[in-house]
Amino acid sequence: MTDITRSLAAIVGEDYVSDRPEEAFFYARDPGLMPPHAPEYVVIPGTAEQVRDVVRLAGRERIPVVPMGAGMALTGLVIPLRGGIVIDMKRMTRIIEVNERARYAVVEGGVSQGLLKRYLEKHHPRLRHSIPDSPAAATIAANVMIHGQGRLTQQYGFNSDMVSGLEVVLASGEVCRIGSCALSPDWFSKGAPMPDLTGLFLGWFGATGIITKVGLKLYPRKKLRDVEIFITDREELVPDMVYELTHTEMMEDINVFAQPKPMIFKDNHHIAFFFTGDTQEELEFRRKMAWKALEPFIRQKDGGFMGLPPVMKPTLLDMPQRSVSRFADVKKGGGFEYSGPIILVEKYPECYRKLKELAERYDLAFSGMSRVIGRSHCMMYGFSFTFNRADPDMMERTRRALREVSAYALEAGGVFWKPTVEEQKMALEKMDPNTRRLMAMIKKNMDPQGIMNPGNWEVS
Ligand SMILES: Cc1cc2nc3c(=O)[nH]c(=O)nc-3n(C[C@H](O)[C@H](O)[C@H](O)COP(=O)(O)OP(=O)(O)OC[C@H]3O[C@@H](n4cnc5c(N)ncnc54)[C@H](O)[C@@H]3O)c2cc1C
């Protein structure tokens, strides 16, 4: 044991610290395409105080710290680019409070999507949270950190908009509360009516602090839930169709997907919309509103509803949708990565054409998956490619295709979602210089030694 390992063991206990290469191997990579880089130490703290003490030690010794949830962001954000200590949050799984009437939960920084979902189903069946389609092990804290999107995003915006408070360990080793919880026992607001300080942390990928608790808004869980799919082969009409659907204000979630396989999907765009109701009557009313909204397109013979066999519905209604993970194995070998710029819905046709062009040029299997954010305020357009991990040439082709997506996304007025380090640099370069200076000021003040997930948001 080195001195640092001994000090870490004194904080988290010997069972929860490692400096062994075989463990560092796993923490050196994520499932995406970024080259690995190993940490020197891995710790799995059990409490916020332990996270605080690890960060204090790291500050004294000037060692980088990288917080990690499930490592599923895919874009290299948990790879310890400068080595140091990976702080694996998976032991911090307490659901501290659910306030049924005020509809919020307070959870520790390692609570997974699956854990909160199961807990609510069992103890608070009238409440739900906005579940992303990532594997259930993905954490709530990391998802809001990267401004994720989930099943309620069409109604309420990014999952990070649903945060109702944070507890954060700062680089200085102080533990800080953000939102109403800073001056009240109640976690109902992340900022308003006070200054909203969550922006100092959310979107920074741990480069300004480590979240040890999240307050998350919950929403009514209706008894019934259904899905319909509207199909069109005219991509230029998809934005209009989405506009009409969002105008109804009746949908829970709207996704659009287009992929060449299986053959029945080829050249079609599938607008999948989900809706809920406490009674059959409520559900049917919403379905009717959607039909009415899309009727003009049917009359013009520009699209129609897909007859969904009842056996297909449970898969579509699954939360998270496992079909997204299965896509990773289309080419066998389990490789899947997507660049998901946040962009205007009206750019849908352009994005789709670009995706097809890149897939053809680089000979890759593709899927275009988009999720409408808010009332059509924007969408996440996922340029997704699948590859075989045992085929370095295919991996390189995927990298090159994704690099082209990045350049295209900026050109088209998009903003990167969970950007790779390379994309972060591109964004900083394009950004208004005054905004960049403001970001530099924040980073310098919040992490003067540059120990917090270094390599990410390195802005000067
Ligand atoms: C098949 C598939 C489908 C997906 N579908 C969706 C989807 O529908 N919606 C969506 O939003 N995402 C989706 N994703 C992307 C991603 O998996 C999720 O956003 C997920 O929530 C990330 O959580 P994580 O715990 O894996 O994050 P990680 O990869 O562990 O971490 C992400 C970032 O957050 C930082 N971080 C982690 N924990 C903390 C903490 N406590 N404090 C501070 N920083 C922290 C990390 O350092 C890193 O920078 C999908 C991924 C896959 C593989």
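A few points about this structure:
- Being of a type in the set (S, T, N, Q) and assigned to a loop (DSSP other than H, G, I, E, B) is a property that Thr276 lacks.
- Single residue of the stretch 329-365 satisfying the filter (farther than 21 Å from Leu237 by Cα and hydrophobic (A, V, I, L, M, F, W, C)) that is modelled with the lowest pLDDT: Val330
- Pairs with Cβ under 7 Å, 6+ apart, first in the stretch 148-164 and among the β-branched types (Val, Ile, Thr), second part of a strand (DSSP E or B): Thr153/Asp253; Thr153/Arg371; Thr153/Ile373; Val163/Val214; Val163/Gly215; Val163/Leu216
- Qualifying residue in the stretch 102-112 (condition: open to solvent by 60 Å² or more (accessible area, probe 1.4 Å) and assigned to a loop (DSSP other than H, G, I, E, B)): yes
- Every test in (1) open to solvent by 10 Å² or more (accessible area, probe 1.4 Å); (2) within 17 Å of Ile211 (Cα to Cα); (3) outside any strand (DSSP E or B) is passed by Cys176 save one, and that test is (3).
- Filter result (buried (at least 20 other Cβ atoms within 10 Å of the Cβ) and within 16 Å of the ligand (Cβ to nearest atom)) within the stretch 379-404: Met379, Met380, Tyr381, Gly382, Phe383, Ser384, Phe385, Thr386, Phe387, Thr398, Leu402
- Pairing each residue of the stretch 13-41 that is within 16 Å of the ligand (Cβ to nearest atom) with any residue that is acidic (Asp, Glu), provided the two are 6+ apart or on different chains, yields C-beta distances under 6 Å for Gly32/Glu337; Leu33/Glu337; Tyr41/Asp19.
- Number of positions in the stretch 212-261 that are open to solvent by less than 10 Å² (accessible area, probe 1.4 Å), over 24 Å from Lys313 (Cβ atoms) and in contact with a helix residue (DSSP H, G or I) (Cβ under 6 Å, 6 or more places away or on another chain): 2
- In the stretch 413-460, the residues that are more than 16 Å from the ligand (Cβ to nearest atom), open to solvent by 90 Å² or more (accessible area, probe 1.4 Å) and touching a helix residue (DSSP H, G or I) at 6+ places or on another chain (Cβ under 8 Å): Lys430, Ser460
- Subset of the stretch 117-160 (residues that are within 12 Å of the ligand (Cβ to nearest atom) and among the aliphatic types (A, V, I, L, M)): Ile131, Ala136, Ala137, Ala138, Ile140, Ala141, Ala142, Val144, Met145, Ile146, Leu152
- Breaking point among (1) touching a Pro at 6+ places or on another chain (Cβ under 7 Å); (2) modelled with pLDDT under 95; (3) not aliphatic (A, V, I, L, M), for Gly414: (2)
The values are calculated or read from the model by the stated rules, or taken from the named source; none is laboratory data. These numbers come from a predicted model, not from an experiment. So basically every Cβ, Gly included, is an ideal-geometry build from the backbone, and we count neighbours across all protein chains shown. Heads up: the accessible areas ignore ligands, DNA and RNA and are worked out on the full protein's heavy atoms, side chains in. Shrake-Rupley method; radii C 1.70, N 1.55, O 1.52, S 1.80 Å.
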